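Asker: Here it is, the structure in full.
The values are calculated or read from the model by the stated rules, or taken from the named source; none is laboratory data. Remember, it's a predicted structure, so these values are computed and weren't measured experimentally. Cβ placement follows ideal geometry from the backbone for every residue including glycine, while neighbour counts extend to all protein chains displayed.
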Amino acid sequence: MSDTSLTPDIQSRLSELADVTLDERLTFADLTTLHLGGRPSMVVRCATAGAVAEVVTLLDAHAIPLLVVAGGSNLVVADGDLDLVVVLLADDSLTVDVSTGRVVAGAGAVWDDVVAASVAAGLGGIECLSGIPGSAGATPVQNVGAYGAEIADVLVRVQLLDRATGEVAWVPAADLELAYRYSNLKFTSRGVVLAIELQLNVDGLSAPLRFGELARRLGGAERWPVAAVREAVLELRHGKGMVVVESDHDTWSAGSFFTNPVVPVDVADSVQEAVRASRGDADADRMPRFDAPGGQKLSAAWLIERAGFAKGHPGEGAPVRLSTKHTLALTNRGAATTADLVALAREVRDGVRSAFGVDLVPEPVWVGVSID
Ligand SMILES: Cc1cc2nc3c(=O)[nH]c(=O)nc-3n(C[C@H](O)[C@H](O)[C@H](O)COP(=O)(O)OP(=O)(O)OC[C@H]3O[C@@H](n4cnc5c(N)ncnc54)[C@H](O)[C@@H]3O)c2cc1C
C-alpha cells in the first residue's frame with residue numbers, strides 16, 4: 001500500500017463522522033450517466049455540507065487522492081481499479097423564497113428539482129436550464145448553460161470549501177471567472193462547492209428568449225411564463241436525448257461531448273471554404289458562426305456531421321455510438337467500456353481535424369484516462 005492509500009485507520013475515522021456512509025462496492029459505472037468506469041477505493045457519501053468539509057479536509061491532510069462526484073453526468077472515468085476515494089455529495093437541501101426570489105440549494109440537490117421548484121413558485125431566470133442532469137453544486141463548475149441562458153446569469157455566490165486552507169466561506173460569483181463551459185473550479189482542486197445561492201426574478205416571466213429554436217417553439221423572443229418555457233425546453237431536450245431516461249441508451253452519455261470551438265475569423269473563413277468545396281454553396285452559406293470572445297464560435301455538432309459522422313455512427317451493434325438523436329453525444333449502448341468510448345472520441349476528433357483543421361476539445365472531466 002502506498003502512503004497515499006486509504007488506510008484502515010483513516011477509513012475508521014471516516015466511518016465515525018456524522019452524516020457519512022462508506023460503500024466499497026459502487027463503481028463509476030454505477031455513479032455516472034455514461035455508466036462507464038472502474039472501481040474507486042471507496043465511495044464516501046456525505047449527507048450534509050459539514051460532512052463534505054470534514055471528509056475532504058481529512059483526506060487532503062493525508063494527501064489521499066479524491067474525486068468529488070454528484071450526478072456523474074460530466075465524467076469520463078478509466079476502466080479498472082482507481083486509486084482514489086469518491087466523495088459523493090448528497091446534501092439536497094433547498095430553500096426557495098417566493099417573495100425575494102432568493103434560492104439556496106445544497107450541492108447535492110438534483111439541479112432539475114431546483115428548477116422545477118423555482119418554476120412552480122413562479123420564479124424566473126433558470127427555466128431555460130430545465131432538464132440538465134446533475135447537481136446544483138456542479139452548475140458553477142462549468143457554468144452550465146443551454147438555450148441561451150447560463151448559471152452565471154443568476155448566480156450570486158457559492159459556499160466554497162477552500163481545499164488549500166480548509167476554510168468554508170461564501171464566495172461571490174465574480175471570483176469564479178465564469179465563462180463559456182468554464183470556471184476556475186473546473187479541472188482544478190481549488191475547492192468544493194457546498195451550496196449555491198441564486199437571485200431569480202419574481203414576476204413569473206422568463207428572461208427574453210435568446211435561442212431561436214426555443215423562441216420559434218413558443219411564438220416569439222419576448223418574455224414568457226416560466227412554466228411554458230420549462231415545458232418547451234424539456235420537449236426540445238427529450239427530442240435530442242438530452243434528458244436522462246434510463247431506458248433510452250441515447251441518453252447514456254455525458255451530454256455534449258465536445259465544446260463548440262472558438263476560432264479566429266480567418267480559420268472560420270477557411271472552414272467555410274472547405275465546406276463550400278466539398279458540399280456546395282447552399283450548405284456552406286448555412287454554416288453556423290457567431291461572434292464570441294476570441295473570434296467566432298462554430299457548431300461542433302455541425303462540423304462533426306460535415307466531417308462524415310452521421311447520427312448513430314458507426315452503426316447498430318457497436319458498443320459506443322453517436323446518439324441516434326444528436327451527433328454531439330457519445331453514448332454507451334449498454335455493454336461498452338471506457339476504452340470503447342475513448343476510441344470513438346478520438347475517431348471523431350481526428351476526423352474533424354483532418355476535414356477542417358479544427359481541434360474539438362472534450363467538455364467532460366476525464367479521470368485516469370485521456371483523449372491524447
Ligand atoms: C444528457 C445530458 C445532457 C447535458 N446537457 C447539458 C447542458 O445542456 N448544458 C451543460 O452545461 N451541461 C450539460 N450536461 C453536462 C452535465 O449535466 C453538467 O456539467 C452538470 O452540471 C454536471 O453535474 P454533476 O453533478 O453530474 O457533476 P459530476 O459529473 O458529478 O462532476 C463533474 C465535475 O464537477 C466536479 N464537481 C461536481 N460537483 C462539484 C462541487 N459541488 N464542487 C466542486 N466540484 C464539483 C467533479 O469533481 C467533476 O470534476 C449534460 C449531461 C448529460 C448526461
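Asker: Say we look at the range 88-113 and pick out the residues that are under 20 Å from Ala227 (Cα atoms) and within 9 Å of the ligand (Cβ to nearest atom); which of these is surrounded by the most Cβ atoms within 10 Å (Cβ to Cβ)?
Answerer: My answer is Trp111.
Asker: Find the residue count for the range 116-138, including only residues that are near the ligand (Cβ under 6 Å from one of its atoms), assigned to a loop (DSSP other than H, G, I, E, B) and either of a type in the set (Phe, Trp, Tyr) or under 20 Å from His238 (Cα atoms) (or both).
Answerer: Total meeting the criteria: 3.
Asker: Is there a residue in the range 279-289 that is in contact with a Pro (Cβ under 6 Å, 6 or more places away or on another chain), within 30 Å of Leu185 (Cα to Cα) and outside the structural domain of Gly72 (by TED's automatic domain parsing)?
Answerer: No, the conditions are met nowhere in the range 279-289.
Asker: Report yes if some residue within the range 165-173 is part of a loop (DSSP other than H, G, I, E, B), surrounded by fewer than 18 Cβ atoms within 10 Å (Cβ to Cβ), more than 13 Å from the ligand (Cβ to nearest atom) and without any contact (Cβ under 8 Å) to a residue 40 or more places away in the chain; otherwise report no.
Answerer: yes
Asker: In the set Val320, Val352, Val361, which member is buried (at least 17 other Cβ atoms within 10 Å of the Cβ), in contact (Cβ under 8 Å) with a residue 40 or more places away in the chain and outside the structural domain of Gln142 (by TED's automatic domain parsing)?
Answerer: Val352
Asker: Can you tell me which residue among Arg349, Arg353, Arg321 is charged (D, E, K, R) and not in a helix (DSSP H, G or I)?
Answerer: Testing whether each residue is charged (D, E, K, R) and not in a helix (DSSP H, G or I) leaves just Arg321.
Asker: Could I ask something else about it? Could you go through the range 33-41 and let me know if any residue there is surrounded by fewer than 23 Cβ atoms within 10 Å (Cβ to Cβ), of a type in the set (A, V, I, L, M) and more than 11 Å from the ligand (Cβ to nearest atom).
Answerer: Taking every residue of the range 33-41 in turn, none turns out to be surrounded by fewer than 23 Cβ atoms within 10 Å (Cβ to Cβ), of a type in the set (A, V, I, L, M) and more than 11 Å from the ligand (Cβ to nearest atom).
Asker: Suppose we filter Ser183, Ser189 for residues that are of a type in the set (S, T, N, Q), surrounded by 18 or more Cβ atoms within 10 Å (Cβ to Cβ) and within 14 Å of the ligand (Cβ to nearest atom); which single one remains?
Answerer: Sole residue among the options that is of a type in the set (S, T, N, Q), surrounded by 18 or more Cβ atoms within 10 Å (Cβ to Cβ) and within 14 Å of the ligand (Cβ to nearest atom): Ser183.
Asker: If Ala49 passes every condition in (1) within 16 Å of the ligand (Cβ to nearest atom); (2) surrounded by fewer than 17 Cβ atoms within 10 Å (Cβ to Cβ); (3) farther than 21 Å from Pro364 by Cβ but one, which one does it miss?
Answerer: (2)
Conditions (1) modelled with pLDDT of 95 or more; (2) within 20 Å of the chain's Cα centre (by Cα), marked per residue:
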residue	(1), (2)
Ala277	no, no
Ala300	yes, yes
Thr327	yes, yes
Gly334	yes, no
Val352	yes, no
Gly368	yes, yes
Asp372	no, no
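Asker: Please count how many residues of the range 327-346 are more than 27 Å from Asp269 (Cβ to Cβ) and assigned to a loop (DSSP other than H, G, I, E, B).
Answerer: So the answer is 6.
Asker: Filtering the range 219-243 down to residues that are surrounded by fewer than 18 Cβ atoms within 10 Å (Cβ to Cβ), modelled with pLDDT of 95 or more and away from the ligand (no atom under 15 Å from the Cβ), which residue is nearest to the chain's Cα centre (by Cα)?
Answerer: So the residue we want is Glu231.
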